[in-house]
1. Condition check: more than 10 Å from the chain's Cα centre (by Cα) and under 22 Å from P126 (Cβ atoms). Does G72 satisfy that?
2. Restricting attention to region 132-141, does a residue exist that is surrounded by 23 or more Cβ atoms within 10 Å (Cβ to Cβ), touching a residue at least 24 places away in the same chain (Cβ under 8 Å), of a type in the set (S, T, N, Q) and in a strand (DSSP E or B)?
3. What is the one condition in (1) at pLDDT 95 or above; (2) exposed (fewer than 15 other Cβ atoms within 10 Å of the Cβ); (3) more than 13 Å from the chain's Cα centre (by Cα) that V53 does not satisfy?
4. Being in contact with a strand residue (DSSP E or B) (Cβ under 9 Å, 6 or more places away or on another chain) and charged (D, E, K, R) is the filter here, so list the residues in region 18-68 that pass it.
5. Determine if region 112-121 includes at least one residue that is farther than 22 Å from A12 by Cβ and crowded, with 22+ Cβ neighbours inside 10 Å.
6. Identify, by number, the condition in (1) touching a Ser or Thr at 6+ places or on another chain (Cβ under 7 Å); (2) of a type in the set (A, V, I, L, M); (3) surrounded by 21 or more Cβ atoms within 10 Å (Cβ to Cβ) that A92 doesn't meet.
7. Restrict the check to region 100-110 and report whether at least one residue is under 16 Å from L16 (Cβ atoms) and of a type in the set (S, T, N, Q).
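The values are calculated or read from the model by the stated rules, or taken from the named source; none is laboratory data. This is a predicted model, so every value here is computed, not measured. Because the Cβ atoms are built from the backbone with ideal geometry, glycine has one as well, and the counts that use them run over all protein chains shown.
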Amino acid sequence: MIESSAESLALAAAVLDAQPFNAVVGARITAFGGGNAELVLDIEDRHRQQFGVAHGGVLAYLADNALTFAAGSVLGTDVLTGGVDVNYLRAARDGRLRTTATVVHRARTHAVTTAEIWHETDGAEPRLCAIARGTVFVTAPGASR
């Protein structure tokens, strides 16, 4: 479980809510701090591709944001994703996607992070449906705005 102060979680939620694209996707940040972050998304029809499962782009979006929030919790708010590699393991049709991200290496100018995307349905054990690795870079103050 990721420990989050109410203040830091509220700040992270405000940053996520300020992303116009997140208004389309509808992800929520549920934990933030100490090199970790967690995002949750309830799978809806708008998230599905032609075969009825969550679109890979939705999972990549969750990974990208979770990785960057985890890094931002230790590097500060002026950060941008430098790259993300996502491996899809299994499809998710209904329920929730819970993405947990952790900083595995931190330097002065960047962090390397990993994420796991879990598919949750009521009454069933969560199933790992994707893993990701990313690099997040510190930018000049205000450059990422």
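1. So G72 fails the test.
2. No.
3. (2)
4. Within region 18-68, R28, E38, D42, R48, D64 qualify.
5. Yes.
6. The number of the failed condition is (1).
7. yes
The rows are residues; the columns are (1) out of contact with any Gly (no Cβ under 8 Å at 6 or more places or on another chain); (2) at pLDDT below 95; (3) not small (G, A, S).
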residue: A31; (1), (2), (3): yes, no, no
residue: L39; (1), (2), (3): yes, no, yes
residue: D42; (1), (2), (3): no, no, yes
residue: A107; (1), (2), (3): yes, no, no
